[in-house]
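Down below is the structure, laid out as structure tokens.
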Amino acid sequence: MKRLHTKTGIGLIAGLLFCSCAKHEILQYGTEKPESLIAQENIDSYAPLISYIDKNAHPNFKWGLALNMDDYLNKGVMYRLANRNFEEMVMGYEMKHASIVQADGTLNLSKLERLVIAAQENNMQLFGHTLTWHSGQNATYLNSLIAPVKLPAGSDPGQGGINVPSESGYAMKMTNPSVVNAWEAQTAYDIAGIETNTEYILKIAAKGSKAGSIGIDLQATSNYTGDSFGAIALTTEYKEYELKLTTTAVRNRFIINFGQYAGTVFIDDVSLKKVGTNTDIIAGGNFESGIRGWFGWGNSSTRSQSAEGEGYGGPGGTVIEKTPEEKKAILTDALETFISGMMSVTKDYVKAWDVVNEPMSDWPDQYALKTGIGKTDLAEDEFYWQDYLGKDYAVKAIQLARKYGNPNDILFINDYGLEGGGNKCKGLIAYVNYVESKGAKVDGIGTQMHINSTANKDDIVNMYKLLAATGKLIKVSELDIGLGDNIKTANATAAMYQQQADMYKFVIEKYFEIIPKAQQYGITIWSPLDSPDRENSFWRRGEPIGIWTESFVRKPAYQAVAEALRNQK
């Protein structure tokens, strides 16, 4: 090994010693935090939302959220978020008819009992939602209760032992060999006496050799214009249909368009009447004596009387329809069974309910009740109590809630679109007044407010003023705010999120400003998290509607909500 030169080595060592005694300096390499990070840190510095509500100033105000029952019972992240930030919760689905009423009509209340216990353990108030609605119903069970009774041939449907001959042996059979335009295969029946600007109701039983649809119109042969009853969705079993239309001109032909249905269609028990009368405009609509008066054309289609036993109620049987009075009595009993059962496991803890949900029509008459009459595309869980119990269905529901609940329970009627600028808010208020005129007290009105950040603020203010003037408790019952028409999370911008935050703040501040303190029941956030973009997303799929992201990150809307709550005195 080569030796280090002595002088050189001494100099090197001295140099190293000198360096070791020098002052140590840390070089500073800095960069500014991104504004987005600073903004998020600011949002994250806020306390839980419930802490911003001044309970001395607003002792009765309830700050709530909606969630799935399993999310609370499983005690995961959503459970902790709910308990930390809110004081009242409502179930999005699991307290509705379809989740409680089983196929045989029995009530499965065990899970609801567990929820009540879990809520009590955390001092979390539970709001009841909902006792009477047209959606979320076990429609299959309810329809089975009022379905016609089909008796075999020779049976005695009465009390006197008299055999009634079959009136359901035959139908009209129509065939179409291939799919063409709807009007290229038609069956018609000429009629008289159809007036203009008049409402008519059609009742018909129909089935097909396969699933499909046919259309039915009233037509004027002078110019071949018409008014449509809409489409009938056929199944391979007979179904009854009830359709309505209002004529726009004089019509003289009843016509069935089945060009787009390749197969065989059976129709039976055809009845066409002017609403409010009992005169049948179509004669022989049971086809027991043939198809006299019926004719048609197009695409080599055919029409004939069916074989005996192919009619509705066949083979060779008698169909006993339940009367409207019988249906009303049966369904009133079913509603009482549901409401009494719900109250049996909740009344010791649940003190407020949406008794009637979404009663009002969207169009054309927002003072009218919703109806399923004339709809051919009813969902599996869709059932309109009002079509059978009448306008007083809400009266009965509230009476039952009072009977089986607590005397001082707070009972709401709730609807959406009240901020829409139309007459729906006025229509709902008018219906509340009607219900109360029948002796059923309504304590509060709920406005759902599933809106976008672009909603008309003047319409929101006007809605609040109308609701405040009722003197009722007012609840914003299902608040969530999207970014615009179907704008998805992937397309959201920072500016959109800020606009959303501003709208959340506006809605909450105006509620406190316009609704008198004595009428402020509370506000419920319907979707605290952004909605996931997947097939089973239950609400506003893929839209960033929450105040947290899907991964529980606070959004600008969180800060806006906190400030809106904090500023109320």
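What follows draws every value from the coordinates through simple rules; no lab data is involved. Not measured: the values here are computed from a predicted model. Glycine also receives a Cβ, built like all others from the backbone with ideal geometry; neighbour counts cover every protein chain displayed.
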Worksheet item: Out of (1) surrounded by fewer than 21 Cβ atoms within 10 Å (Cβ to Cβ); (2) farther than 21 Å from D365 by Cβ, what's the single condition that is false for I451?
Response: (1)
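Identify, from the list Y497, Y521, the residue that is aromatic (F, W, Y), closer than 19 Å to H58 by Cα and either out of contact with any His (no Cβ under 6 Å at 6 or more places or on another chain) or buried (at least 21 other Cβ atoms within 10 Å of the Cβ) (or both).
The match here is Y521.
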Fill in: Filtered residues of region 61-103 (kept if closer than 30 Å to Q568 by Cα, surrounded by 19 or more Cβ atoms within 10 Å (Cβ to Cβ) and of a type in the set (V, I, T))
V90
Worksheet, complete the sentence: All-but-one check, G422 against (1) farther than 26 Å from F338 by Cα; (2) surrounded by 19 or more Cβ atoms within 10 Å (Cβ to Cβ), failing number (2)
Response to the item:
Just one listed residue, out of Y393, Y388, Y384, is of a type outside the set (V, I, T), within 17 Å of A98 (Cα to Cα), touching a residue at least 40 places away in the same chain (Cβ under 8 Å) and surrounded by 17 or more Cβ atoms within 10 Å (Cβ to Cβ), and it is Y384
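Which residues, counting only those in region 192-219, are among the aliphatic types (A, V, I, L, M), surrounded by fewer than 17 Cβ atoms within 10 Å (Cβ to Cβ) and either touching a Phe, Trp or Tyr at 6+ places or on another chain (Cβ under 9 Å) or assigned to a strand (DSSP E or B) (or both)? Show your work before the answer.
Going residue by residue through region 192-219, those that are among the aliphatic types (A, V, I, L, M) are 192, 194, 201-202, 204-206, 211, 214, 216, 218.
Next cut, surrounded by fewer than 17 Cβ atoms within 10 Å (Cβ to Cβ) only: 192, 211.
A192 - this is the single residue of region 192-219 that is among the aliphatic types (A, V, I, L, M), surrounded by fewer than 17 Cβ atoms within 10 Å (Cβ to Cβ) and either touching a Phe, Trp or Tyr at 6+ places or on another chain (Cβ under 9 Å) or assigned to a strand (DSSP E or B) (or both).
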Worksheet item: In region 35-97, which helices (runs of 4 or more DSSP H) lie fully inside it and hold 2 or more residues that are among the basic types (K, R)?
Response: 77-85
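Consider E535 carefully, then state whether it is within 21 Å of the chain's Cα centre (by Cα) and crowded, with 16+ Cβ neighbours inside 10 Å.
no
Would you kindly identify the strands (runs of 3 or more DSSP E) lying entirely within region 388-498 that contain at least 2 residues that are among the small types (G, A, S)? Steps first, please.
Values: elements: 410-415, 444-447, 450-452, 473-482.
Of the strands (runs of 3 or more DSSP E) lying wholly inside region 388-498, those with at least 2 residues that are among the small types (G, A, S) span 444-447, 473-482.
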Worksheet item: Do we have A368 as among the aliphatic types (A, V, I, L, M) and under 20 Å from H97 (Cβ atoms) here?
Response: no
Response to the item:
Note on region 549-569: residues within 22 Å of G76 (Cβ to Cβ) and either polar (S, T, N, Q) or surrounded by fewer than 21 Cβ atoms within 10 Å (Cβ to Cβ) (or both) are T549, E550, S551, F552, V553, R554
Worksheet item: Would you pick out the residues in region 119-134 that are surrounded by fewer than 23 Cβ atoms within 10 Å (Cβ to Cβ), out of contact with any Lys or Arg (no Cβ under 8 Å at 6 or more places or on another chain) and either part of a loop (DSSP other than H, G, I, E, B) or of a type in the set (A, V, I, L, M, F, W, C) (or both)?
Response: A119, N122, N123, M124
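Let's see how each residue does on (1) free of Cβ contacts under 8 Å to residues at least 12 places away in the same chain; (2) of a type in the set (G, A, S):
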position: I508; (1), (2): no, no
position: I514; (1), (2): no, no
position: W526; (1), (2): no, no
position: S531; (1), (2): no, yes
position: R541; (1), (2): yes, no
position: P544; (1), (2): no, no
position: T549; (1), (2): no, no
position: V561; (1), (2): no, no
position: R566; (1), (2): no, no
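Which of the residues that make up region 220-263 are among the acidic types (D, E) and within 27 Å of the chain's Cα centre (by Cα)?
The initial filter retains those residues of region 220-263 that are among the acidic types (D, E), namely 227, 237, 240, 242.
Listed by number, the residues that qualify are E240, E242.
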